[in-house]
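One structure is given here, and the rest of the page talks about it.
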Amino acid sequence: MAVSGWFVLLLALGVLPVVVLGDPGWLMAWLAIVAGVGAIDLVIAGSPRRLVLERELPKRVRLGETVPSTLFLTNAGRRRVRGIVRDGWQPSAGASPSRAALDVPPGERRSIVTSLTPFRRGERAAAEVTVRSFGPLRLAARQASIQVPGTIRVLPPFNSRKHLPSRLARLRELDGRTSVMIRGQGTEFDSLRDYVRGDDVRSIDWRATARRSDASTGSGPRLVVRTWRPERDRRVVIVIDSGRTSAARIANEPRIDTAFESSLLLGALASRAGDRVDLVIYDRRVRGRVQGTTGAELLSRMVDVMAAVDPELIEMDWAAVPGLVRSVTNQRALVVLMTSIDAPGASRGLLGMLPQLTRKHTVVISSVTDPSVLDASRARGNRDEVYRAAAAERAMLDTTRVSTAIRQLGADVVTGAPADLPPALADRYIALKAAGRL
């Protein structure tokens, strides 16, 4: 049971006779009248438990997008149900409006549409719907919470897909599939063609030249050059650190979300280039894995696995990473480790493990940097800013020291702000393809 503001107002009016006449008996009589009228209104109100509720909503939505959630209410009772409905979504689902007016005659059906704009990844759920049914005088109401479970999976937004067309164009140029004068670099033989001015003389195939002659002019053999293309069907293994350092927020975005964005862009690019992409999300246990998937299904599987993963407040077990990579592939591969390299102390496990990977694989460490640290190092207008700048310089120096140690161990480092890291990692992948290291 619930009472409305009108009921409270009627009760307050009972004070006036007491103030004017000075007889408290009027107050007791007025309270009895109001309580009786409220009880009658409550009895006449339609029962919310006679409502049949159904929910219709999409299964998936990208973070930041808006989708409708439709709630259908059918009145199976004999009295009209007038009142308020509250759909109990989690706050992070971004439900709007949270409450809606309801008026359902007997035997009829109504629908209420709620807009969902989630601001967190993962499973967002609605457990129950609360219905408050008022009587015709709107003094008292029957209230019931009805279980109508519903969930929607919030996927990573993949905002970095805007960089994909330009990187694919560079890959096509590298692969020689656009109308350019020379073929792309690589180490995998593609075809033979006639020599033209400007070609690298080291690409001349003298045996093919000796077998070929220009019979029409009788001018002797024509030079033939080999063309190359980047290697295909190589392995790209992405390992995302989901430990405590990935929970830190940079530019209002968790580190792990930036890692997801970088992984999606790299996965889309490498898949289009003909390479096989495997993903492992790990801290001390495997939190998510995508393996053996190619083509259009790859990104769908990746975003599904990423959606439900949140950082664990534990240290990353770097000693297990080489065995984790071996469980994915025994071939030489590009291993991309997405983690944090801000502090030398926290990076000891990473540095101690790296030689085991670099002996066989090409290793790239991807780490997001905080742009506010760089801004703080430049502001030195007063004493507080000078101290803050000194701390920022020390943090940047620590990152540089760890990056130098990583390069000395044979791995590469890619760093950048949350908006810059995904395209920077994609550019490094293209550079490795062009250099024939992958």
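Residues in the stretch 1-34 that are over 22 Å from Ala144 (Cα atoms), touching a residue at least 12 places away in the same chain (Cβ under 8 Å) and either assigned to a helix (DSSP H, G or I) or touching a Cys at 6+ places or on another chain (Cβ under 7 Å) (or both): Leu10, Leu11, Leu13, Val15, Pro17, Trp26, Leu27, Trp30, Leu31, Val34.
For the stretch 391-405, the set of residues classified as surrounded by 19 or more Cβ atoms within 10 Å (Cβ to Cβ) and either closer than 21 Å to Ile256 by Cα or basic (Lys, Arg) (or both) consists of Thr399, Val402, Ser403, listed by residue number.
Does Ala376 satisfy the condition of being surrounded by fewer than 17 Cβ atoms within 10 Å (Cβ to Cβ) and under 26 Å from Asp257 (Cα atoms)? When the stated conditions are applied, Ala376 does not pass them. Would you call Glu65 part of a strand (DSSP E or B) and surrounded by fewer than 18 Cβ atoms within 10 Å (Cβ to Cβ)? No; evaluated as a whole, the condition is false for this residue. In this structure, is Arg428 surrounded by fewer than 19 Cβ atoms within 10 Å (Cβ to Cβ), basic (Lys, Arg), within 18 Å of Val336 (Cα to Cα) and out of contact with any helix residue (DSSP H, G or I) (no Cβ under 8 Å at 6 or more places or on another chain)? It is true that Arg428 is surrounded by fewer than 19 Cβ atoms within 10 Å (Cβ to Cβ), basic (Lys, Arg), within 18 Å of Val336 (Cα to Cα) and out of contact with any helix residue (DSSP H, G or I) (no Cβ under 8 Å at 6 or more places or on another chain).
Screening Val61, Val67, Val43, Val15 for residues that are under 20 Å from Arg142 (Cβ atoms) and β-branched (Val, Ile, Thr) leaves exactly one candidate, Val43. Residues considered: Arg79, Arg86. Of these, the only one that is assigned to a strand (DSSP E or B), in the same structural domain as Ala140 (by TED's automatic domain parsing) and not acidic (Asp, Glu) is Arg86.
Applying the criterion of being small (Gly, Ala, Ser) and assigned to a helix (DSSP H, G or I) to the residues of the stretch 298-325, the residue that is farthest from Leu269 (Cα to Cα) is Ala319.
The conditions of being touching a His at 6+ places or on another chain (Cβ under 9 Å) and not hydroxyl-bearing (Ser, Thr, Tyr) are not met by Ala320.
Of the residues Ala343, Ala405, Ala411, Ala391, only one is more than 22 Å from the chain's Cα centre (by Cα), in the same structural domain as Asp241 (by TED's automatic domain parsing), closer than 19 Å to Ala248 by Cβ and at pLDDT 90 or above; which?
From the options Ala343, Ala405, Ala411, Ala391, the qualifying one is Ala391.
Does Val325 satisfy the condition of being crowded, with 22+ Cβ neighbours inside 10 Å, touching a residue at least 12 places away in the same chain (Cβ under 8 Å) and within 17 Å of the chain's Cα centre (by Cα)? When the stated conditions are applied, Val325 does not pass them. Being free of Cβ contacts under 8 Å to residues at least 40 places away in the same chain and among the β-branched types (Val, Ile, Thr) is true of Thr151. Determine if the stretch 81-103 includes at least one residue that is surrounded by 12 or more Cβ atoms within 10 Å (Cβ to Cβ), out of contact with any helix residue (DSSP H, G or I) (no Cβ under 9 Å at 6 or more places or on another chain) and more than 30 Å from Thr151 (Cα to Cα). Looking through the stretch 81-103, none of the residues is surrounded by 12 or more Cβ atoms within 10 Å (Cβ to Cβ), out of contact with any helix residue (DSSP H, G or I) (no Cβ under 9 Å at 6 or more places or on another chain) and more than 30 Å from Thr151 (Cα to Cα).
The set of residues from the stretch 244-280 being crowded, with 22+ Cβ neighbours inside 10 Å and part of a loop (DSSP other than H, G, I, E, B) comprises Ala273, Asp275. Looking across the stretch 35-71, the residues that are farther than 29 Å from Pro156 by Cα and free of Cβ contacts under 8 Å to residues at least 60 places away in the same chain come down to Ala35, Gly36, Arg50, Val52. For the stretch 350-373, a residue qualifies if it is within 21 Å of Ser246 (Cβ to Cβ) and surrounded by fewer than 16 Cβ atoms within 10 Å (Cβ to Cβ), and the qualifying residues are Gly352, Pro371, Ser372. Restricting the stretch 282-297 to residues that are in contact with a helix residue (DSSP H, G or I) (Cβ under 8 Å, 6 or more places away or on another chain) and assigned to a strand (DSSP E or B), which is farthest from Ser246 (Cα to Cα)? That would be Val290. Scanning the stretch 270-297 for residues that are among the aliphatic types (A, V, I, L, M) and in contact with a Leu (Cβ under 7 Å, 6 or more places away or on another chain) yields Ala273, Val277, Val280, Val290. Filtering the stretch 126-137 to residues that are surrounded by fewer than 16 Cβ atoms within 10 Å (Cβ to Cβ) and farther than 21 Å from Phe72 by Cβ leaves only Pro136.
The values are calculated or read from the model by the stated rules, or taken from the named source; none is laboratory data. These numbers come from a predicted model, not from an experiment. Glycine gets a Cβ as well: all are built from the backbone with ideal geometry, and neighbour counts include every protein chain shown.
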